[in-house]
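One structure, pasted below without further comment.
The values are calculated or read from the model by the stated rules, or taken from the named source; none is laboratory data. Note that the structure is predicted; figures quoted are calculated from it, not measured. When we count neighbours, we look across all protein chains shown, and the Cβ atoms used for this are built from the backbone with ideal geometry, even at glycine. Remember, those area values only see protein heavy atoms, side chains included, never the ligands or the DNA or RNA. Shrake-Rupley method; radii C 1.70, N 1.55, O 1.52, S 1.80 Å.
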Amino acid sequence: MKIIVTSIFVEDQDKALEFYSETLGFVKKHDVPAGEFRWITLVSPDEQDGTELLLEPNNHPAAKEYQQKLFADGIPATMFGVADIRTEYKRLMEKGVKFTMEPTEMGEVTIAVFDDTCGNLIQIVQK
């Protein structure tokens, strides 16, 4: 068994697709109609057959509340790995990304946290 798709709740699928592809650099894999919304997944440009990230609409009240409470408490919704966190931090800052935590060493890893503009905090980590 392996993880093939993981999801993140987003307030606006179009805005999320733009942020995750144009700002973060993920590659769109699927974008198909699914009722009133779309099935939009992205992958790492380095692993296009790897795990897909689904941009899941937060239209269900429980999803919206879950997302809002995580954000309010400063809890990242997910974590992405990066090879060089300081370079990635600088690149994202230059693109206007707002960080709530600059690169911080935590034992054997260095982490940083940013706002994805779609209702989530995202943690990046360098091992």
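Between I75 and H30, what length comes free when the chain is fully extended (0.36 nm per residue of separation minus the Cα-Cα distance, one decimal in nm)?
The span from I75 to H30 would gain 13.4 nm if fully extended.
Show which lysines lie in cross-link reach of K69 when reach means a straight Cα distance below 26 angstrom and same-chain residues fewer than eight apart are skipped.
Once the sequence-local lysines are set aside, what remains near K69 is K15, K98.
Sticking with this structure for a sec: Using θ = phi - 60° and the Karplus curve 6.51 cos²θ - 1.76 cosθ + 1.60, what whole-Hz ³J(HN,Hα) does each residue of the stretch 27-40 get, with Gly and Pro shown as x?
For the stretch 27-40, the Karplus curve yields 10, 5, 9, 10, 8, 10, x, 9, x, 7, 10, 9, 8, 10 Hz.
If the elastic network links every pair of Cα atoms under 10 Å, which of G50, G96, G107 fluctuates the most in the Gaussian network model of the chain?
G107
Which percent of the accessible area of the chain is formed by carbon and sulfur heavy atoms (probe 1.4 angstrom)?
On the way: 4080 of 7900 Å².
It is 52 percent, rounded to a whole number.
Could I ask something else about it? Could you size up the charge dipole of the stretch 1-115 around its Cα centre, putting +1 on the beta carbon of Lys and Arg and -1 on that of Asp and Glu, and report it in debye to the nearest 20?
Values: 12 positive and 21 negative charges, 14 e Å.
The dipole magnitude comes to about 60 debye.
Within straight cross-link reach of K2, meaning Cα distance under 24 Å, which lysines are found once same-chain residues fewer than 8 apart are removed?
By straight Cα distance, K2 reaches K28, K29, K127.
Counting only heavy atoms of protein chains, what accessible area per residue, in Å², does the chain have with a probe of 1.4 Å?
Ligands and nucleic acids excluded, the figure is 62 Å² per residue.
For V5, list long-range residues whose amide hydrogen, built 1.01 Å from N in the peptide plane, is under 5 Å from its own amide hydrogen.
The answer is E52.
Of all beta bridges DSSP finds with both residues in the stretch 1-105, what is the antiparallel percent, to the nearest 5?
Approximately 60 percent, going by the DSSP bridge assignments.
Moving on to the next point. Looking at the chain, which longest stretch skips every one of the GluC sites (Glu not before Pro) that is in a DSSP loop with at most 10 other Cβ atoms within 10 Å, leaving the sites themselves out? It would help to have the intermediate numbers written out before the result.
On the way: sites that count: E36, E108.
That would be 37-107.
Further, regarding this structure: Could you check how many percent of all C-alpha pairs in the stretch 36-127 are farther apart than 22 Å?
35 percent
With labels modelled as points extended 7 Å from the Cα through the Cβ direction, what inter-label distance (nm, one decimal) is found for M93 paired with E108?
Between M93 and E108, the simple spin-label model gives 2.8 nm.
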